[in-house]
Amino acid sequence: MTTSPISIGEASKIDVILSTTNTFEEIGLKSVVTQLGWRNVTQSDRVPREDTIAIVSVTSQQMTNSALAAILSRFAPARVVLLVPSMANFFLFLKCPKSVVSILQRDADMDHLRTTLDFIGMGHTLLPWGNSDCQPCVSQSEPPDSVQEEWHLTDREVEISREIAVGRSNKEIARELGIAANTVDVHVSAIRRKLGVHNRTQIAVKIVEKMGQTPPSQLLA
């Protein structure tokens with residue numbers, strides 16, 4: 001998809017740190033940063049500042065509270081635009097770190113990404129749960145504790161619970177995570193015990209209901 005460049009004055013240049021292990025994703029991100037007239041720097045070139053923007057892409061395996069906190073600590077005190085594999089997975093399991101100013105799926109098109117970054121570059125915050133002014137909304141209650149913390153799930157159990165919650169079978173989970181099907185069965189048994197449920201469907205239903213989501217239709221058929 002072709003995009004037209006945005007004219008940004010020299011005075012508005014922003015330092016940007018890119019963090020991704022995907023070569024094609026990195027090329028796309030660099031192209032957008034160039035179009036915005038921002039400076040692509042590395043952490044070794046310049047220590048992140050509060051006015052630095054870090055675009056951090058994470059994998060499914062990195063989407064746990066502990067793993068994400070460790071990753072984002074490397075970019076403090078920069079403002080972070082987080083690229084995640086699935087917004088549904090993010091809402092199910094994570095508290096949003098305060099340094100994150102926007103969250104996008106990794107497969108977002110370049111126009112959407114560029115528009116979001118341009119908005120962030122002007123000092124705004126753009127989060128999915130924000131109000132009409134694109135600022136974080138003030139809810140009437142504190143955000144729910146993460147599933148991981150409430151039920152004391154291990155990182156691997158979080159991964160498997162996440163896959164169950166989006167409707168994948170145990171065999172599909174085994175292929176996705178590169179582990180044996182028997183290993184998945186063992187983890188699912190542990191998850192059932194911790195959640196106090198009897199089957200994998202109840203795992204998904206209990207998790208998504210806690211987070212105010214709707215269980216995948218295939219689980220309720």
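The values are calculated or read from the model by the stated rules, or taken from the named source; none is laboratory data. Bear in mind the structure is a predicted one, so any value in this text is a computation, not a measurement. Quick reminder, even Gly has a Cβ in these numbers, built from the backbone with ideal geometry, and neighbours come from all protein chains shown. The protein model used for the area step is the full one, side chains on, heavy atoms only, and it has no ligands, DNA or RNA in it. Shrake-Rupley method; radii C 1.70, N 1.55, O 1.52, S 1.80 Å.
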Scanning region 167-208 residue by residue, those in a loop (DSSP other than H, G, I, E, B) and of a type in the set (A, V, I, L, M, F, W, C) turn out to be ILE179, ALA180, VAL197
Scanning region 1-26 for residues that are modelled with pLDDT of 90 or more and part of a helix (DSSP H, G or I) gives THR23, PHE24, GLU25, GLU26
Could you tell me how many of the residues in region 72-93 are open to solvent by less than 20 Å² (accessible area, probe 1.4 Å) and not polar (S, T, N, Q)? 11
Which count do you get for residues in region 51-70 that are within 26 Å of LYS13 (Cβ to Cβ) and either modelled with pLDDT under 90 or among the hydrophobic types (A, V, I, L, M, F, W, C) (or both)? 5
Which residues, counting only those in region 184-205, are buried (at least 18 other Cβ atoms within 10 Å of the Cβ) and either farther than 21 Å from GLU149 by Cβ or modelled with pLDDT under 80 (or both)? VAL184, ARG200
Would you check which residues across region 49-70 are of a type outside the set (S, T, N, Q) and either open to solvent by 20 Å² or more (accessible area, probe 1.4 Å) or assigned to a strand (DSSP E or B) (or both) and list them? ARG49, GLU50, ASP51, ILE53, ALA54, ILE55, VAL56, ALA67, ALA69, ALA70
